[in-house]
1. Can you give me the distance in nm between label points at residue 181 and residue 211, each placed 7 Å from the Cα along the Cα-to-Cβ direction?
2. Could you look at the stretch 124-180 and say what percent of its accessible area is carbon and sulfur, using a 1.4 Å probe and all protein chains?
3. Would you mind classifying the stretch 128-278 by shape? Square roots of the alpha carbon gyration tensor eigenvalues, ordered a ≥ b ≥ c; an a/c under 1.5 is rounded, otherwise it is prolate if a/b is larger than b/c and oblate if not.
4. Provide the net charge surrounding residue 49, with neighbours chosen by a C-beta distance below 12 Å and charges set as Lys +1, Arg +1, Asp -1, Glu -1.
5. Could you calculate the contour length gain from residue 129 to residue 165, that is, 0.36 nm times the residue separation minus the distance between their Cα atoms, to one decimal place in nm?
6. Taking the stretch 191-278, how much of its Cα-Cα pair set, in percent, is spaced more than 18 angstrom apart?
7. Just list whichever of 36/149; 211/264; 159/271; 149/271; 87/124 have alpha carbons separated by over 24 Å in the model shown.
8. Give me the net charge for the shell around residue 34: Cβ to Cβ below 10 angstrom, other residues only, Lys and Arg +1, Asp and Glu -1.
Amino acid sequence: MLTYSDGFYAEGALNKVDDWKKAKTITLGPECYWYKQHFHEKPHTNYIALDSSLGPLVVSLQSDDDNNLYRVILRHSKGMEAFTVEKKDIKVKSFWSWLSNSKSKSPSAKKIVSYLKPELSGTKFQQISNQAIQNYLLELEKPNVFNNKYRIGILYCKKGQTHENDMFNNREEDASEEYLDFLDFLGDTIQLRNFAGYNGGLDTVNDMSGKKSVYTNIKGIEIMWHVSTMLPYFGCDQQQLERKKYIGNDRAVLLFSDSDEPIKPTTVASKAIHVIGIVCPFKTEGGDSSSEIEYSTDEENDAEETEEDDNEESDNN
């Protein structure tokens, strides 16, 4: 039987298909704009096909000469898959071009897709090149960007603290009762190792992002809270960059403050945060504990997104 060799493409059935495949499968997370980031408004081709097993297919193919690889998005009724594969692994050289010592031609879309998904080797692909399909594929990413899965940061602020470094250095054992009650209100405290729900980017194998977190599931909507006091703490790091790595990259952050002293929304320096909410505890007239929340949005980020949406709508019209 044939075995894998660089520069050769195998036609037909294979023994041990995995020995031939060196493609890298890209996991498209719930917040991934892969088509927008790598394909839209860049040279690429789109194809449609009808497969007896998967049904209608839409394939996007891009040749990245700078990195010497192909990017592929395969969409079908069961979901969406993305791949990158080095060109040298699937470059095809015909027998006649080998005899004449001429340069090999680029492989067809069918050969590339068949390399990635051998079960599609018999499927016929038709190229489509109008702008409408590109706009449609761009829109296709939007409805399921979050897929009812959200990650939100929680930052604890003690009384008198005004600098983010002080807040990121707060530890759970020194937290107020009101803060801990607020975490209980948000959701369930879960052990991260082997957790089967939405992990929000936290490590669920080796406890690299802490041993526990707070998780919420409301009617199928999953929220993983990036709780600052539950993320790894390093006494030698004044900025606690490991904690800020998560919370600083969340789009929304709740800052729980033990006092009602004013806090600037820019307290946490981040270009990723779009919305920040300030939560403050207080006592009701009857002496019961409660809390209030105020929130602020990043006008610059909102303006950029609105402008993008307007431009996309204009293109569609």
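The values are calculated or read from the model by the stated rules, or taken from the named source; none is laboratory data. What you are looking at is a predicted structure, and each value in this text was computed from that prediction instead of being measured. No Cβ is skipped: glycine too gets one built from the backbone with ideal geometry, and neighbour counts run over all protein chains shown. Areas reflect the complete protein model, heavy atoms only, side chains present, ligands, DNA and RNA absent. Shrake-Rupley method; radii C 1.70, N 1.55, O 1.52, S 1.80 Å.
1. Here the answer is 2.7 nm between the modelled labels.
2. Values: 1410 of 3280 Å².
Answer for the stretch 124-180: carbon and sulfur cover 43 percent of the accessible area.
3. Details: a/c = 2.02, a/b = 1.61, b/c = 1.26.
Prolate shape, in that a/c is at least 1.5 and a/b is the bigger ratio.
4. Details: positive: 75, 110, 117, 124; negative: 51.
With Lys, Arg at +1 and Asp, Glu at -1, the net is +3.
5. Values: separation 36, 0.36 × 36 = 12.96 nm, distance 5.14 nm.
Here the answer is 7.8 nm.
6. Numbers: 1909 of 3828 pairs.
Result: 50 percent of Cα pairs exceed 18 Å.
7. Details: 36/149 20 Å; 211/264 31 Å; 159/271 26 Å; 149/271 21 Å; 87/124 22 Å.
Long pairs (Cα-Cα over 24 Å): 211/264; 159/271.
8. Details: positive: 36, 71; negative: 141.
Around residue 34, the surrounding residues sum to +1.
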